[in-house]
Amino acid sequence: MSDSGSQGVKGTIRRAHLTRVLAVYLGGSYALLELMDIFTDQLGLPDWFFRGALILLLIGLPIVVATAIVQGRRRRMAAVGPPAPAEAAAPEATDAAVAAEVVPRAAPHDWLNWRNAVLGFVGAFAVWGLIVTGYMGMRALGIGPVGSLVAAGVLDEREHLIVADFENNTSDELLGQAAAEAFRIDLSQSTIVTVVDPAHVGQVLRRMQRDPDQELDLDLAREVAIREGIKAVVAGEITPVGGGYQLSAQLISAEDGSVLVPFRETAGDSTEIIHAIDRLSKRLRERIGESLKTIRASEPLARVTTSSLEALRKYSQAVRVIEQGEDERGIALLEEAVALDTAFAMAYRKLGVALRNIGQDQARGRGALTQAFEHRDRLTERERYLTEGSYYWGVAGDNERAMAAYQTLLDVYPDDPWAMNNLAILYEEARDFRRAAQLFSRAIELDSAGALYYGNAIAAEVALGNFGDAEYTLTRMDERFPGHPSVGMQATALASSQFDYETAEQQALAFEEEQRASPLMQMFATFTLAQLAEVRGKLQEAEQHVLETMAAAEDEGDYEDYVAGAVRIAFYDLWFRGQREAAIRRVEAALARHPLETIEPLERPYQLLAIFYSLAGQPERARAYLAEYDVTVDESLRTLGEDPVEVAKGVTALAEGRVEEAIAELRAADEGPCTICILPMLGDAYDLAGEADSVVAIYERYVNTPWLGRLAAADWFALAGIYERLGGLYELRGDTDKATLYYTQFVELWEEADPDLQPRVEAARRAIRRLSAEGT
């Protein structure tokens, strides 16, 4: 073979050998990096662990290539064989020369062998592993600058932190609050610390006689933290730098103001601010001591909130004003936020809950919760479970799945007060008031700044008959939330639930005066005063109050409330005065003024109209409204829980003389949290069936079952008649004492009733005198 051919073959062999070595090294490196990536994720190792492994592999690449070349050359030399023996040494060759031939000279690249390469590879990764192990050990033990603050004992696990408003050095007045809210949302994903709710801070400021709307700067945040026994606060700063922004965050000791850890990030422009806040929050969580695995599992801030800084501004404002009881203003801000970002799931959820809590606009509330549910992949884990619970409960009507969502949330965040509150409400709907009261109490212990928890706890305590506990909770609520609308609302309801209508009226009047600035609260106060007049037979006074609410509703475009108000006044004529034609004319006039077609289908008072026309002796009209309801309102959107359609069907059956069917329908409707709502109609059905014993049992259950919202539920129209009927039934039984008791309660209740109702009062007085004479 020629020399050129021989060299070509050798070159081919050399290239093939090098290719195999590179393939093995690169394949092994890929597998090793995959393993490093798994270790990083599953063991919660720092991000630089993977990067360091990659650097070591890159450093090793030229060493492997060089070793492959050198070792390949040696193999080729060995294949050729040892050199031909030399001529016999000349006789004159010296011993030294011979010795020199015997001892071989060292090859220039003897260290480039596979043994050294493997040992170097293993050694480098062993050293790297020791470095990472040392870092993780120092972090876990709280040693040095990498030690976690929890391990070092600076903070406790699940420590409460207050996030102060970021110091705002920009021209945007709201940017500091928005940045703080974004930081608070991201930090709330942490499983190792608990972010103090802004509502709690606001209530502390009220107790300090400070304005809860003022900026929560570092000094004020520290003052609040010291007062509440909180060890640290988070303070931040946002400063324009060139065309971008510089953001900083510091964890600061509340006691002495020392900086525990500082961090800094930059944003190229306003669109990158949320991403910079996300990085700041995660670095702080890592330094506090949260597992890197859980930090990485957290969704990016822009994904779980909004990429729109303006939408975030609106949301942060809304959160604050709603917690201060300004629901209308907060709802308007949330509407603006979702208009700016139509996928802003967190704002949709807050909007839906706010609308539901004030009992306004069911369609809007359910629509907002549905939007939040459809975009729930853009929520934090906590918000996602809350949204699922709200949707299944308030829209889908699937209480079991709602309870499962809240329970799962509590498994992850055992001290989440909102999950406890909502789960407790679901227990109330199942009429497990004892468990509900326990959860409400626990929620108050964890977050005493939640006014809603107090109100719900009062309702559960009353349902258990624990009026003393309810009074105590109301006192605590008043101390914690002076001037909050819920305090006056709960005080009025608590008094009326104990049949103390004079006190309830005083509370309602005081509430009306305090809430002059809120049209919504004014309407609530006026309507409560109407109910207090109704239950005492003061129908003329009640009518004036209802007319006021109708005028206000009409001004706001709430035509469903206008029609409902007209039906209510017509009910006075029908139920109390026996003026059937006048009642029908009033309702017809209201419907002519605002036809049902001008009202959203879900808001149309179909059930109320069906009940009215049934009682007015026109069951065919009632059935027509129920049929229209079935056609117009999608089944998935109908009122959930205690279904008024069942009540309307029962009353219609009663009007048509189908008493047994009416009883079955009304019994089917006797579910949900309200333990008394169906009883007046059910008692009437048994009365028409001639089952006096059942009537007495049901009416006794009605008057003796404690319920916070009983005035609005049924007392306003039913209580007086039930007292009167029980008096008559017990008189027929010959039970003088109980007959006298209920006649007396009726007389006392309607003592100041309208003149046209006084004949019934006088009849009861005669019965009392008659029973007294018989008793002697």
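Among the residues of segment 170-183, is any surrounded by fewer than 22 Cβ atoms within 10 Å (Cβ to Cβ) and in contact with a Pro (Cβ under 6 Å, 6 or more places away or on another chain)?
The answer is yes, given that some residue of segment 170-183 is surrounded by fewer than 22 Cβ atoms within 10 Å (Cβ to Cβ) and in contact with a Pro (Cβ under 6 Å, 6 or more places away or on another chain).
What is the one condition in (1) closer than 28 Å to ALA267 by Cβ; (2) more than 24 Å from the chain's Cα centre (by Cα); (3) crowded, with 17+ Cβ neighbours inside 10 Å that LYS231 does not satisfy?
Only one criterion in (1) closer than 28 Å to ALA267 by Cβ; (2) more than 24 Å from the chain's Cα centre (by Cα); (3) crowded, with 17+ Cβ neighbours inside 10 Å is unmet by LYS231, namely (1).
In the list GLU428, GLU445, which residue meets the criterion of being modelled with pLDDT under 95 and either farther than 17 Å from GLN189 by Cα or assigned to a helix (DSSP H, G or I) (or both)? Spell out the reasoning first.
On the way: GLU428 fails: modelled with pLDDT under 95.
None of the other options fit; the residue is GLU445.
Just give me the residues in segment 184-211 being assigned to a loop (DSSP other than H, G, I, E, B) and either under 12 Å from HIS160 (Cα atoms) or open to solvent by less than 20 Å² (accessible area, probe 1.4 Å) (or both), in sequence order. Outline the logic, then answer.
Initially, segment 184-211 is screened for residues assigned to a loop (DSSP other than H, G, I, E, B), giving 188-192, 196-197, 208-211.
Within segment 184-211, SER188, GLN189, SER190, THR191, ILE192, VAL196, ASP197 meet the criteria.
Might you check whether a residue that is open to solvent by 40 Å² or more (accessible area, probe 1.4 Å), among the acidic types (Asp, Glu) and without any contact (Cβ under 8 Å) to a residue 60 or more places away in the chain occurs anywhere in segment 662-677?
Scanning segment 662-677 turns up at least one residue that is open to solvent by 40 Å² or more (accessible area, probe 1.4 Å), among the acidic types (Asp, Glu) and without any contact (Cβ under 8 Å) to a residue 60 or more places away in the chain.
Within segment 514-558, can you find the residues that are in a loop (DSSP other than H, G, I, E, B) and on the phi < 0 side of the Ramachandran plot? If you could, list the steps in order and put the result at the bottom.
Taking segment 514-558 first, the residues in a loop (DSSP other than H, G, I, E, B) are 515-518, 536-538, 557-558.
Within segment 514-558, GLN515, ARG516, ALA517, SER518, ARG536, LYS538, ASP558 meet the criteria.
Which residue out of SER281, SER316, SER270 is of a type in the set (Ser, Thr, Tyr) and closer than 21 Å to GLU157 by Cβ?
Details: SER316 fails: closer than 21 Å to GLU157 by Cβ; SER270 fails: closer than 21 Å to GLU157 by Cβ.
None of the other options fit; the residue is SER281.
Is it fair to say THR133 is outside any loop (DSSP other than H, G, I, E, B) and open to solvent by 70 Å² or more (accessible area, probe 1.4 Å)? Give the steps one after another, and end with the answer.
Details: outside any loop (DSSP other than H, G, I, E, B): yes; open to solvent by 70 Å² or more (accessible area, probe 1.4 Å): yes.
Criteria met by THR133.
Within segment 220-242, does at least one residue satisfy the condition of being in a helix (DSSP H, G or I) and under 30 Å from TRP48 (Cα atoms)? Full working, then the answer.
Here is the first cut: in segment 220-242, the residues in a helix (DSSP H, G or I) are 220-228.
Next cut, under 30 Å from TRP48 (Cα atoms) only: none.
Taking every residue of segment 220-242 in turn, none turns out to be in a helix (DSSP H, G or I) and under 30 Å from TRP48 (Cα atoms).
Which count do you get for residues in segment 243-290 that are in a loop (DSSP other than H, G, I, E, B), open to solvent by 50 Å² or more (accessible area, probe 1.4 Å) and touching a strand residue (DSSP E or B) at 6+ places or on another chain (Cβ under 6 Å)?
1
If you take the residues in segment 392-434 that are within 24 Å of GLU635 (Cα to Cα) and among the aromatic types (Phe, Trp, Tyr), which one is surrounded by the fewest Cβ atoms within 10 Å (Cβ to Cβ)?
TYR392
Could you list all residues from segment 472-500 that are surrounded by fewer than 20 Cβ atoms within 10 Å (Cβ to Cβ) and in a loop (DSSP other than H, G, I, E, B)? I'd like the intermediate steps shown before the answer.
To start, the set of residues in segment 472-500 that are surrounded by fewer than 20 Cβ atoms within 10 Å (Cβ to Cβ) comprises 472, 475-476, 478-479, 482-483, 486, 489, 498-500.
Scanning segment 472-500 gives PRO482, GLY483, GLN498, PHE499, ASP500.
Find all pairs meeting these conditions: Cβ atoms under 6 angstrom apart; at least six residues apart or on different chains; first residue within segment 316-333 and within 20 Å of ALA179 (Cβ to Cβ); second residue open to solvent by 40 Å² or more (accessible area, probe 1.4 Å) and among the aromatic types (Phe, Trp, Tyr).
Hits for this filter: zero, empty list.
Quick check, is ALA553 modelled with pLDDT of 95 or more and open to solvent by less than 30 Å² (accessible area, probe 1.4 Å)?
Working: modelled with pLDDT of 95 or more: no; open to solvent by less than 30 Å² (accessible area, probe 1.4 Å): yes.
No; evaluated as a whole, the condition is false for this residue.
Spot the failing condition for ARG158; the list is (1) in contact with a Ser or Thr (Cβ under 7 Å, 6 or more places away or on another chain); (2) open to solvent by 40 Å² or more (accessible area, probe 1.4 Å); (3) under 30 Å from ILE59 (Cβ atoms), and only one is missed.
(3)
Which members of segment 342-392 meet the condition of being in contact with a Ser or Thr (Cβ under 9 Å, 6 or more places away or on another chain), outside any helix (DSSP H, G or I) and β-branched (Val, Ile, Thr)?
Scanning segment 342-392 gives a single hit, THR380.
If you check GLY365, GLY330, GLY352, GLY389, which single one turns out to be buried (at least 19 other Cβ atoms within 10 Å of the Cβ) and either touching a Phe, Trp or Tyr at 6+ places or on another chain (Cβ under 7 Å) or basic (Lys, Arg) (or both)? Spell out the reasoning first.
Working: GLY365 fails: either touching a Phe, Trp or Tyr at 6+ places or on another chain (Cβ under 7 Å) or basic (Lys, Arg) (or both); GLY330 fails: either touching a Phe, Trp or Tyr at 6+ places or on another chain (Cβ under 7 Å) or basic (Lys, Arg) (or both); GLY352 fails: either touching a Phe, Trp or Tyr at 6+ places or on another chain (Cβ under 7 Å) or basic (Lys, Arg) (or both).
Within the list GLY365, GLY330, GLY352, GLY389, the selection yields GLY389.
In segment 404-419, how many are farther than 12 Å from TYR385 by Cα and either touching a helix residue (DSSP H, G or I) at 6+ places or on another chain (Cβ under 6 Å) or in contact (Cβ under 8 Å) with a residue 12 or more places away in the chain (or both)?
If we filter segment 404-419 for residues that are farther than 12 Å from TYR385 by Cα, which is where we start, we get 414-415, 417.
Filter once more, keeping what is either touching a helix residue (DSSP H, G or I) at 6+ places or on another chain (Cβ under 6 Å) or in contact (Cβ under 8 Å) with a residue 12 or more places away in the chain (or both): 415, 417.
Going through segment 404-419 one residue at a time, the tally reaches 2.
Right, GLY120: open to solvent by less than 60 Å² (accessible area, probe 1.4 Å), modelled with pLDDT of 80 or more and closer than 30 Å to LEU54 by Cβ or not?
Details: open to solvent by less than 60 Å² (accessible area, probe 1.4 Å): yes; modelled with pLDDT of 80 or more: yes; closer than 30 Å to LEU54 by Cβ: yes.
Yes.
Please verify whether LYS314 is crowded, with 16+ Cβ neighbours inside 10 Å, over 30 Å from PRO605 (Cβ atoms) and within 19 Å of the chain's Cα centre (by Cα), treating the condition exactly as stated.
Numbers: crowded, with 16+ Cβ neighbours inside 10 Å: yes; over 30 Å from PRO605 (Cβ atoms): yes; within 19 Å of the chain's Cα centre (by Cα): yes.
Yes, satisfied.
Residue by residue through segment 212-228, note down the ones that are over 30 Å from GLU272 (Cα atoms) and open to solvent by less than 10 Å² (accessible area, probe 1.4 Å).
VAL224, ALA225
Filter segment 558-608 for residues that are open to solvent by 60 Å² or more (accessible area, probe 1.4 Å), more than 22 Å from HIS545 (Cβ to Cβ) and touching a residue at least 60 places away in the same chain (Cβ under 8 Å) and give the result.
GLU600
Out of all the residues in segment 682-695, which are surrounded by fewer than 21 Cβ atoms within 10 Å (Cβ to Cβ) and assigned to a helix (DSSP H, G or I)? First the steps, then the outcome.
The first filter runs over segment 682-695 and keeps only residues surrounded by fewer than 21 Cβ atoms within 10 Å (Cβ to Cβ), leaving 687-694.
Residues satisfying the conditions are ASP687, LEU688, ALA692, ASP693, SER694.
Filter segment 1-52 down to residues that are at pLDDT 80 or above and aromatic (Phe, Trp, Tyr) and give me whichever is surrounded by the fewest Cβ atoms within 10 Å (Cβ to Cβ).
The residue in question is TYR30.
Being more than 16 Å from TRP575 (Cβ to Cβ) and either in contact with a Lys or Arg (Cβ under 6 Å, 6 or more places away or on another chain) or in a helix (DSSP H, G or I) (or both) narrows it down to one residue among GLU774, GLU724; which is it? Working first, answer last.
Working: GLU724 fails: more than 16 Å from TRP575 (Cβ to Cβ).
Answer to the selection: GLU774.
Out of segment 526-554, which residues are free of Cβ contacts under 8 Å to residues at least 60 places away in the same chain and charged (D, E, K, R)?
GLU541, GLU543, GLU548, GLU554
Restricting to segment 696-712, count the residues that are open to solvent by 30 Å² or more (accessible area, probe 1.4 Å) and under 21 Å from PHE527 (Cα atoms).
Result for segment 696-712: 3.
The values are calculated or read from the model by the stated rules, or taken from the named source; none is laboratory data. Since the structure is predicted, the reported quantities are computational estimates derived from the model, not experimental observations. Cβ: placed from backbone, ideal geometry, glycine included. Neighbour counts: every protein chain shown. Keep in mind that these areas ignore ligands, DNA and RNA; they rest on the heavy atoms of the full protein, side chains included. Shrake-Rupley method; radii C 1.70, N 1.55, O 1.52, S 1.80 Å.
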